[in-house]
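**Q** My questions all concern the structure below.
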Amino acid sequence: MNTMKTVESEGKTYAHFFLSAMPSDEEVQFITQDKDPIQVGIFKRDANYHVKAHSHLPRKLDLEHVGEFLLIQSGAALVKIYDEDWNLLCAHTVNTGDCAIFLRGGHELTMLEPTRILEVKQGPFIPRPKDKTFRPTS
């Protein structure tokens, strides 16, 4: 895949696809924008670089959309990105080492081979039916 692909429609960012090992000489490269509900960055540090012990200050978040991050640990999947009206915006294949960030709208995955995925999204966990809405079938 190319290094990075962004899916946008009408000035809104719906998703990003990128390699987990993006080639870059930058020490810190954020894939997401500051305003996105989930933040993903890649950090390149030399041996013995030290990150001071720290914690993040508490804050209340008001999220309009739940962000989701996927790392394809092995395998391949076809990912479809939809807008809020279920119009298809993009179909993209992800492979081992690829990442996807979903920021709004809908998404769908079809495994093209046995696939292992690491998923990260905002919590706390809310069981169905309060967590998801599904695309109507034709």
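**Q** Name the longest site-free stretch of the chain, where the excluded sites are trypsin sites (Lys or Arg not before Pro) in a DSSP loop with no more than 11 other beta-carbon atoms within 10 Å. Before the final figure, lay out the partial values.
**A** Numbers: sites that count: 35, 45, 52, 59, 60, 130, 132.
The answer is 61-129.
**Q** Once the cut-off is 23 Å, how many percent of the Cα-Cα pairs in the chain end up in the long-distance tail?
**A** 41
**Q** Further question: For segment 63-138, run through the GluC sites (Glu not before Pro) and keep only the ones in DSSP coil with at most 16 other Cβ atoms within 10 Å of their Cβ.
**A** The qualifying sites are 64, 84.
**Q** Could you give the dipole magnitude of segment 1-105 about its Cα centre, charging the beta-carbon of Lys and Arg +1 and that of Asp and Glu -1, in debye to the nearest 20?
**A** Values: 10 positive and 15 negative charges, 70 e Å.
My answer is approximately 340 debye.
**Q** Would you mind telling me which residue in 110, 32, 13 has the biggest mean-square fluctuation in a Gaussian network model of the chain, where springs connect alpha carbons within a distance under 10 angstrom?
**A** With Cα springs under 10 Å in the chain, the top fluctuation among 110, 32, 13 is at 110.
**Q** Okay, next question. Find which of 32, 65, 92 sits farthest along the positive direction of the dipole of the chain, computed with +1 on the beta-carbon of Lys and Arg, -1 on that of Asp and Glu, about the Cα centre.
**A** Highest projection toward the positive end goes to 65.
**Q** What net charge is computed for the residues neighbouring residue 76, neighbours being all others with C-beta under 13 Å from the C-beta of residue 76, Lys and Arg scored +1, Asp and Glu -1? Write out the running numbers ahead of the final one.
**A** Working: positive: 116; negative: 98, 113.
Cβ neighbours under 13 Å give a net charge of -1.
**Q** Another question, if that's okay. Please find the FRET efficiency linking residue 112 to residue 84, where r is the Cβ-Cβ separation and R0 is fixed at 22 Å, and quote it to the nearest 0.05.
**A** So, using R0 = 22 Å, E works out to roughly 0.25.
**Q** Taking chymotrypsin sites (Phe, Trp or Tyr not before Pro) that fall in a DSSP loop and have at most 11 other Cβ atoms within 10 Å as cut points, what is the longest piece of the chain between them? Walk me through the intermediate numbers first.
**A** Working: sites that count: 49, 125, 134.
That would be 50-124.
**Q** So which of 12/80; 5/60; 35/121; 60/80; 12/44; 12/121 end up more than 25 Å apart by C-alpha?
**A** Pairs exceeding the cut-off: 5/60; 60/80; 12/44.
Read the figures in this text as sums done on the coordinates, not as results from a lab. A quick note: this is a predicted structure, and the numbers were derived from the prediction, not measured. Using ideal geometry, Cβ is built from the backbone for each residue, glycine included, and neighbour counts are taken over all protein chains shown.
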